[in-house]
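Undergrad: Please find one structure pasted underneath; my questions will follow.
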Amino acid sequence: MHSDMPFPLHINIVDLVFKGMLIGMVASAPMGPVGILCVQRTLNKGRWYGFVTGIGAAVSDIIYAGITGFGMAFVMDFVNNDQNKFYLQIIGSALLLGFGVYTYRSDPTKNMRKSGMQRGTFWYNTWTAFLVTFSNPLIIFLFMALFAQFAFVIPDHPFEMFVGFASIVGGALLWWYGLSWLVDKVRTIFDAQGIRIINRVIGAVVIIFSFVSLFGTVTNLFRFF
């Protein structure tokens, strides 16, 4: 066995699945336009209309995640250098921190538009949610931060990467299923303030996670000396 192999032959699939699901949930959680749309459709049309809205968002997210992962695979020689990986993880933690602060301070209901009562088909609700999400390519930067922080991209391991990206979809769908379920259960008391509270909780969780990641990355610096 060559000692200079960039990756071990054995890759912890369970760890990869966990990271992928976490990435999918973090990317889906902020109450952006599609999050508001999911809540409104759940309230106005029913739980499953809210869920298929999330499916449309998840399809868009996995396309951008694939683009991000494909691009990062070309620079893995740079990324696999321990010192470069340290700096990338620092940058990733900083980006996550900024993302968390922005999410916490933003008011997702400010430009909220009412979703009509006409249900339409599940396909229509999925497709329109896909278009809303796909129109915001800035999510690529969030995926870059998450992929760098978790060292998620593993080139030359197509099966493992397929499992990892499938896990991203699974995490996103789990989030949208949970959100539509929760909103449906508390529909009688759910209002714009509820949306703001969820958004602040999400922002606070991301901020805490970014600090934990930053601390872990910095403490690992000592192994270089």
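The values are calculated or read from the model by the stated rules, or taken from the named source; none is laboratory data. These figures come from a predicted structure and were not determined experimentally. We place every Cβ from the backbone using ideal geometry, glycine too, and count neighbours over all the protein chains shown. Just the protein is used for accessible areas: all its heavy atoms, side chains included, with ligands, DNA and RNA removed. Shrake-Rupley method; radii C 1.70, N 1.55, O 1.52, S 1.80 Å.
Undergrad: Can you check what the net charge comes to around Thr103, using other residues whose Cβ is under 13 Å from the Cβ of Thr103 (Lys, Arg +1; Asp, Glu -1)?
TA: Cβ neighbours under 13 Å give a net charge of +2.
Undergrad: Extending each Cα 7 Å along its Cβ direction at Phe18 and Val205, get the distance between those two points in nm, one decimal.
TA: 1.7 nm
Undergrad: Then there is this: Ranked highest first by average number of other Cβ atoms within 10 Å, how do 59-67, 121-129 line up?
TA: Highest-to-lowest ranking by the protection proxy: 59-67, 121-129.
Undergrad: Might you tell me the accessible area per residue for the range 120-190, computed with a 1.4 Å probe and given in Å²? Each step should come with its number before you reach the end.
TA: Working: 3730 Å² over 71 residues.
Here the residues of the range 120-190 average 52 Å² of exposed surface.
Undergrad: Suppose the chain between Glu160 and Trp181 were pulled fully straight at 0.36 nm per residue; how much longer would it get relative to their current alpha carbon spacing?
TA: Taking 0.36 nm per residue and subtracting the Cα distance, the gain is 4.5 nm.
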